[in-house]
Amino acid sequence: MHSRELQETEYHSYYSNYVLILDETELMEALRNTEEELLTFIKELPEDRLSYRYAEGKWSIAEVIQHIVDTERIFTYRALRFARNDQTDLPGYEQNDYVPFSEADKRTKEELLVDFKATRLNTVSLFRTFSDEMLMRSGRADGNLMSVRAVGFIVSGHLMHHLKVLRERYM
């Protein structure tokens, strides 16, 4: 299944840039490709750059990476609930409230790398278990309808969005 197959009704318009950035990629390919891109970025990053912020009040590189991981965990949890046909309206989350408490700036590059790899392994493993029927199921998060398959593309597109910001503003 490709990102071009998603209907606009399967996700809130807020996420459309994340879906569009993938340029009609197949779901599992998007998860694999975006994983490789972030792993390469982290591996090539000098350890002393992790705490770099391009402006006062902006997240550090470590905080951006941790934000990617936190968001993927939250969205993957949503996908699991929706795939299992849980109709509970799930709460949203405020990303800016998470970052200061993540203590990402105290983590090493290797710790961030391991954490991301474990999270993505879990995401890929979970999405491999979803049948076509499960991928089409939807649920509500933060009051908005979202399909399981849209979640997979949003996770990948979200990573690419932040990787683009890291490359343009931090490097």
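Since every read-out is calculated from the coordinates, none of them should be taken as a lab result. None of these values were measured; they are calculated from a predicted model. Quick reminder, even Gly has a Cβ in these numbers, built from the backbone with ideal geometry, and neighbours come from all protein chains shown.
Please compute the Kirkwood hydrodynamic radius over region 41-91, one decimal place, Å, based on all pairs of different Cα atoms. Final number for the Kirkwood radius of region 41-91 is 13.2 Å. Restricting to Cα pairs below 8 Å that are 6+ residues apart, what does the relative contact order work out to for the chain? Please round to a whole percent. Once normalised by length, the contact order is 40 percent. Is the shape of region 72-120 best called rounded, prolate or oblate, per the rule: a/c under 1.5 gives rounded, else a/b larger than b/c gives prolate, else oblate, with a ≥ b ≥ c the square roots of the Cα gyration tensor eigenvalues? In terms of gyration-tensor shape, oblate. Each label point was placed 7 Å from the Cα along the Cα-to-Cβ direction; for residue 129 and residue 171 their separation is 3.5 nm.
What is the order of 170, 18, fewest Cβ neighbours within 10 Å to most?
170, 18
When peptides 23-33, 63-73 are ranked by their average number of other Cβ atoms within 10 Å per residue, the highest-first order is 63-73, 23-33. Over all other residues within a Cβ to Cβ distance under 14 Å of residue 133, the charged ones net out to +2, with Lys and Arg as +1 and Asp and Glu as -1. Report, to the nearest 10°, how far helix 61-83 tilts away from the longest principal axis of the Cα atoms in the chain, using its own Cα long axis and a range of 0 to 90°. Tilt relative to the chain: about 10 degrees. Note on residue 117: lysines with a C-alpha under 24 Å away, same-chain residues under 8 apart excluded, are 43, 106, 109, 164. Distances between every pair of Cα atoms in the chain, grouped in 10 Å steps from 0 to the bin holding the largest one, split as 10, 39, 35, 14, 1 percent. Angle of helix 27-44 to the longest C-alpha principal axis of the chain, folded into 0 to 90 degrees and rounded to 10: 10°. Working from label points 7 Å from Cα in the Cα-to-Cβ sense, the residue 47 to residue 93 distance is 2.9 nm.
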